[in-house]
Amino acid sequence: MKKILLLVLVGAMLVSCGKKEVKPVSQESKMTLEAFALAETIKNAFIVKDDITLKKNSTESGYKDITANTRAYDSVEISFTPRWVDIENNKLDVNISWKSKWTVSGKSSDERGMAVFVMEGTPLKVSSILRSNPFVMPE
């Protein structure tokens with residue numbers, strides 16, 4: 001009797017767990033992934049000084065925020081860690097923790113901070129950078 005009950009129980013578990021339901025990806029998830037990819041694209045274009053890509057992926061005011069650095073530098077390394085995304089009326093506020101290492105005349109300086117990339121439009125474009133701008137060299 002115990003064996004039959006055990007077999008029925010195992011059979012019922014196999015039948016109930018046999019099919020996996022695949023949920024569709026939400027629009028918010030797609031926008032968030034696009035925002036993270038856009039932030040990486042902007043960062044990589046800034047590092048290699050690719051103005052065409054920067055202009056293509058940002059609005060006029062966003063481009064001014066990205067290119068606000070007026071001081072000359074030899075090289076820069078920047079790393080981004082996305083932390084949070086707020087979505088409201090097709091406008092995204094992407095909170096990004098960043099670290100940078102700037103080299104000027106053989107001397108390097110390390111910086112870190114938290115920036116908010118404001119993105120909007122279709123496709124998404126950076127319209128402004130709030131708080132601590134990762135693209136401005138420290139004093």
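With 10 angstrom as the radius, rank V136, V104 by how many other C-beta atoms surround their C-beta, starting from the fewest. Please list the in-between numbers first.
On the way: V136 19, V104 14.
So the ranking, lowest neighbour count to highest, is V104, V136.
Fewest first, what order do D110, D65, D93 take by the number of other Cβ atoms within 10 Å? Could you put the intermediate results ahead of the total?
Details: D110 10, D65 20, D93 17.
With the sparsest Cβ surroundings first, the list reads D110, D93, D65.
How about the stretch 32-82: which trypsin sites (Lys or Arg not before Pro) there are in a DSSP loop, with at most 15 other Cβ atoms within 10 Å of their Cβ? Can you show the working numbers first?
Values: sites: K43, K49, K55, K56, K64, R71; in loops: K49, R71.
Sparse-neighbourhood loop trypsin sites (Lys or Arg not before Pro): K49, R71.
Compute the length gained on full extension between D50 and V22: take 0.36 nm times their separation in residues and subtract their Cα-Cα distance, giving the result in nm to one decimal. Mind dumping the intermediate values first?
On the way: separation 28, 0.36 × 28 = 10.08 nm, distance 4.01 nm.
Gain on stretching D50 to V22: 6.1 nm.
Once R0 is set to 22 Å, what does the formula 1/(1 + (r/R0)^6) return for the Cβ-Cβ distance between E77 and F36, expressed as a FRET efficiency to the nearest 0.05? Present the calculation step by step, with values, prior to reporting the outcome.
Numbers: r = 19 Å, r/R0 = 0.87.
It comes to 0.70.
With a sphere of radius 14 Å drawn around the Cβ of P134, what net charge do the other residues whose Cβ falls strictly inside it have (Lys, Arg +1; Asp, Glu -1)?
Numbers: positive: K43, R83, K99, K101, R112, R131; negative: E40, D65, E77, D110, E111.
The answer is +1.
None of the figures in this text is laboratory data; all of them are computed from the coordinates on show. Given the structure is predicted, the values throughout are model-derived calculations rather than measurements. FYI the Cβ positions are ideal-geometry reconstructions off the backbone, even for glycines, and counts take in every protein chain you see.
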